[in-house]
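This report concerns only the one structure given below.
Every number in this text was worked out from the coordinates using simple rules, so none of it is lab data. Keep in mind that this is a model prediction, so the values were computed, not measured. Cβ placement follows ideal geometry from the backbone for every residue including glycine, while neighbour counts extend to all protein chains displayed.
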Amino acid sequence: MSKIRQIIKLYSQRMGKKRIGTRLSISKNTVKLYIDAYHRLQRPWEELSLLTDYELNKIFNPVQEVISTNKLQDVFDFFRRWKNSYVNGV
């Protein structure tokens, strides 16, 4: 059973954040982050409990957008030009 599932399940059973953290050996702040995300979803535990651990993880930890190599190279080039113009007094 995933930590996310355990956190939401225990929280839905009215267990406090500190006690959940202690029981699962994670920080109270981590528990709070997942509980806040759970509230933003506005979906009942009964519905979430039917999902697989993989599906829960996708909902609570969405894939972050990766900066493309071209964009990153553009930023490097900008700062390289800026540095050269600053050093050369242009």
Ranking Ser25, Phe79, Trp45 by how far each Cα lies towards the positive end of the charge dipole of the chain (+1 on Lys and Arg Cβ, -1 on Asp and Glu Cβ), the top one is Ser25
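Loop only per DSSP, at most 14 neighbouring Cβ atoms within 10 Å: give me the trypsin sites (Lys or Arg not before Pro) in the chain, ordered by residue number.
Values: sites: Lys3, Arg5, Lys9, Arg14, Lys17, Lys18, Arg19, Arg23, Lys28, Lys32, Arg40, Lys58, Lys71, Arg80, Arg81, Lys83; in loops: Arg14.
In loop regions of the chain (DSSP not H, G, I, E or B), the sparsely surrounded trypsin sites (Lys or Arg not before Pro) are Arg14.
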In nm, the gap between the two label points placed 7 Å beyond Cα toward Cβ at Thr69 and Met1 is 4.4
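Within a Cβ distance under 12 Å of Ser2, other residues only, what is the Lys/Arg minus Asp/Glu net charge?
Values: positive: Lys3, Arg5, Lys9, Lys58; negative: Asp53, Glu55.
Every neighbour counted, the sum reads +2.
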In the neighbourhood of Lys28 defined by beta carbon distances under 10 Å, the net charge of the other residues (Lys, Arg +1; Asp, Glu -1) is +4
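Where the only charges are on Cβ atoms (+1 Lys, Arg; -1 Asp, Glu), what is the dipole of the chain about its Cα centre, to the nearest 20 debye?
Details: 17 positive and 8 negative charges, 118 e Å.
Once rounded to the nearest 20, the dipole reads 560 debye.
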Here the relative contact order (percent) of the stretch 3-65, from C-alpha pairs under 8 Å and at least 6 apart, is 37
Computed, not fitted: 222 nm per-residue ellipticity of the chain from DSSP H runs ≥ 4 (each -39500 (n - 2.57)), nearest 500, equal to -21500 deg cm²/dmol
Per principal axis, largest first, the Cα atoms of the chain extend in Å by 66, 26, 21
